[in-house]
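S.K.: Sending over a structure as structure tokens; questions will come in a sec.
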Amino acid sequence: MTRRYVVRTYGCQMNEHDSERIAGVLEADGLVPAVTEADADVVVLNTCCIRENADNKLYGNLGHLKTWKDGRDGRQIVVAGCLSQKDRDGVSRRAPWVDVVLGTHNVHRTAELVDHARRHGPITEILDESVVDDHALFPSALPARREHDYTAWVTIQIGCDNACAFCIVPAVRGAEASRPLADVIAEIEALAADGVTEVTLLGQNVNSYGRDLARTARRAGDEVQLRPMFAELLAAAAAVPGIRRVRFTSPHPKDMRTETFQAMATSPGVCRHLHSPLQSGSDRILAAMHRGYTAARYLDRLGEARRLVDDLAVSTDIIVGFPGETDDDFAATLEVAAAAEYDYAYTFVFSPRPGTEAAALTDRFVDPAVTAERFQRLRVVVERSALAKHRARIGRIEEVLVEGPSKKDPGIVSARTGQNKLVHFAAAEPLRPGTYVTVEIIGAAPHHLTGRFEAVVALPRHRRRIPVLSG
Ligand code: SF4
């Protein structure tokens, strides 16, 4: 009997892509997607542990899924991702009805473990690093059931060598490992052949891409080539025939290099959008976070990026209420956020993650009422510059990539500019996701633009869905 699966994804783009690969290996093993959990045989929860309530959310869901599982023989529950990598055997201890627990380094084993659990009972398999063969630290390319036909995530690096005091990622994703440039380009060429026109290069710290490859080659005694640079990868990705847009996430401000900005400026396909996570504007707090840059250096690099890359949009991440944050520290954050004039800012209240250095600083936790008040003041500053940036686009003709009907109004089309700005417009004709059209910008709001449809520029090229193997 054909078994059906559902994958629920929590957290970041890295997890979204892992979920596409989990779906790919399950389908390669004969399972098919279920429309709802009611007709599913296997439910996979691909978890995130970046936020405090992530644990509560997971174990709450597992409580509900127990009832689902008891509803029909042969049903299985799989827990994957960063929270299981962190909690390991703790997941099956707290929820013994879970069949498979796997981590961030053995996504490629999902189907085998599901099969094993059917025959031999529940299994937990957590690896400390992604090891498949001597040289390549990456699982050999896996089939991926992509969520969209016209755009794709492409992993270029896993893990992170930084040690930001608030971050659990290095503990659950391991050390930085870059994927050979030729492998990445080969995957992008295969995606383009399948009709993909936009790729997003994925990594925890993409602008340190390649740093480890020379090390790996030296360790293996191989001929040491010059380490590939992120700028080189960007330009090579943008040069792949059929690829119209190249995006990347997430860079680290301390590793921002002039070459990267030059590659953005000179490679037409590289989108004019840079995400540069500030986190705090106070040098004292940046040092406590181990971020490796000062506010002045951060703004200096931002200035260079804007000088070199015409019409660059900049977004960021900022944490409010990091342990020990004083009024003066927060005032510095407001000052830098205002000076940076962001197009968009993701703002967070500090969330202590067990296992991080900052979680132990309990005597310096900031009063939640103070943090909440600061959070609101920061929102005012970032929304003001976002609106100003959006208003400055009015009257421009922008090329946008159609994503589909607007969530709020199905009669309106949602699309994205090269700067990653959301545009809503009415279309004179039905437009398939993946279509490129030009619109005139006629209105602005802090989180989106409104446009007037002009013309279709390029139709989607995607043909039949072949599972492109993804690293
Ligand atoms: S750079 Fe810092 S915040 Fe980003 S993944 Fe690495 S440790 Fe976490």
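S.K.: Using the Kirkwood radius over C-alpha pairs as Rh, can you work out the diffusion coefficient of the stretch 339-458 via Stokes-Einstein at 37 °C, viscosity 0.692 mPa s, in µm² per second?
M.R.: 197
S.K.: Grab the alpha carbons of the chain, take their convex hull, and tell me the volume per residue in Å³.
M.R.: Residue-normalised Cα hull volume stands at 156 Å³.
S.K.: Also, I was wondering about something else. Given a 1.4 Å probe and the protein chains all in place, what does the accessible area of Ser267 round to, in Å² to the nearest 10?
M.R.: Looks like 10 Å² after rounding.
S.K.: Right, here's the next one. Give the accessible area for Val270 in Å² (nearest 10); use a 1.4 Å probe, count only protein heavy atoms, and leave out ligands, DNA and RNA.
M.R.: For Val270, the solvent-accessible surface is approximately 0 Å².
S.K.: Scattering from the C-alpha atoms of the stretch 283-323 alone, worked out with Debye: what is log10 I(q)/I(0) at q = 0.17 1/Å?
M.R.: Log-scaled intensity ratios, in q order: -0.57.
S.K.: A follow-up question, please. Compactness ratio of the stretch 272-382: Cα Rg over 2.2 N^0.38 Å, N = residue count?
M.R.: Taking the Cα Rg and dividing by 2.2 N^0.38 Å, one obtains 1.07.
S.K.: Find the relative contact order for the stretch 144-274 and round it to a whole percent, using C-alpha pairs within less than 8 Å whose residues are 6+ positions apart.
M.R.: 26
S.K.: How much length, in nm to one decimal, is gained on full extension between Ala392 and Met1, taken as 0.36 nm per residue of separation minus their Cα-Cα distance?
M.R.: My answer for the length gained is 135.0 nm.
S.K.: Also: Can you find, among Gln262, Leu58, Ala331, the residue sitting farthest towards the positive end of the charge dipole of the chain, where Lys and Arg contribute +1 and Asp and Glu -1 at Cβ?
M.R.: Leu58
S.K.: Turning to a different aspect of this structure: Given contacts defined as C-alpha pairs under 8 Å and at least six residues apart, what's the relative contact order of the stretch 283-392, whole-number percent?
M.R.: So the answer I get is 30 percent.
S.K.: To continue, here is another question. May I ask you to compute the full-extension gain from Gln262 to His116, defined as 0.36 nm times their residue separation minus their alpha-carbon distance, rounded to one decimal in nm?
M.R.: Full extension of this stretch gives 47.5 nm more.
S.K.: Please compute the net charge surrounding Asp311, taking Lys and Arg as +1 and Asp and Glu as -1 over other residues with Cβ under 13 Å from its Cβ.
M.R.: With Lys, Arg at +1 and Asp, Glu at -1, the neighbours total +3.
S.K.: Something else about it: When the Kirkwood hydrodynamic radius is evaluated over all pairs of different C-alpha atoms of the stretch 32-87, what value in angstrom, to one decimal, is obtained?
M.R.: 12.1
S.K.: Per 0.36 nm of contour for each residue apart, how much would the distance between Arg88 and Arg297 grow if the chain were fully extended, relative to their Cα-Cα spacing?
M.R.: Full-extension gain reported as 71.3 nm.
S.K.: In whole percent, what relative contact order does the chain give with Cα contacts below 8 Å and a gap of six or more residues?
M.R.: 12
S.K.: Please calculate the 1.4 Å probe accessible area of Phe453, with all protein chains present, and give it to the nearest 10 Å².
M.R.: Phe453 has an accessible surface of roughly 40 Å² with all protein chains in place.
S.K.: I would also like to ask the following. What FRET efficiency comes out for the pair Glu357/Ala455, r = Cβ-Cβ distance, R0 = 60 Å, nearest 0.05?
M.R.: Between Glu357 and Ala455 the formula returns 0.65.
S.K.: Compute from the Cα atoms of the stretch 146-271 the Rg and the Dmax, the latter being the longest Cα-Cα distance, and quote both in angstrom.
M.R.: 14.7, 42
S.K.: Reachable aspartates and glutamates from Lys57, Cα under 16 Å, same-chain residues fewer than 8 places away excluded?
M.R.: Straight-distance partners of Lys57: Asp87.
S.K.: With label points built 7 Å along Cα→Cβ from the Cα atoms of Asp128 and Ala445, find their separation and express it in nm.
M.R.: My value for the distance between the label points is 5.1 nm.
The values are calculated or read from the model by the stated rules, or taken from the named source; none is laboratory data. Because the structure is predicted, anything quoted here is derived from the model rather than measured. Note that we place each Cβ from the backbone using ideal geometry, even for glycine, and neighbour counts take in every protein chain shown. Note: areas computed on protein heavy atoms with side chains; ligands, DNA, RNA excluded. Shrake-Rupley method; radii C 1.70, N 1.55, O 1.52, S 1.80 Å.
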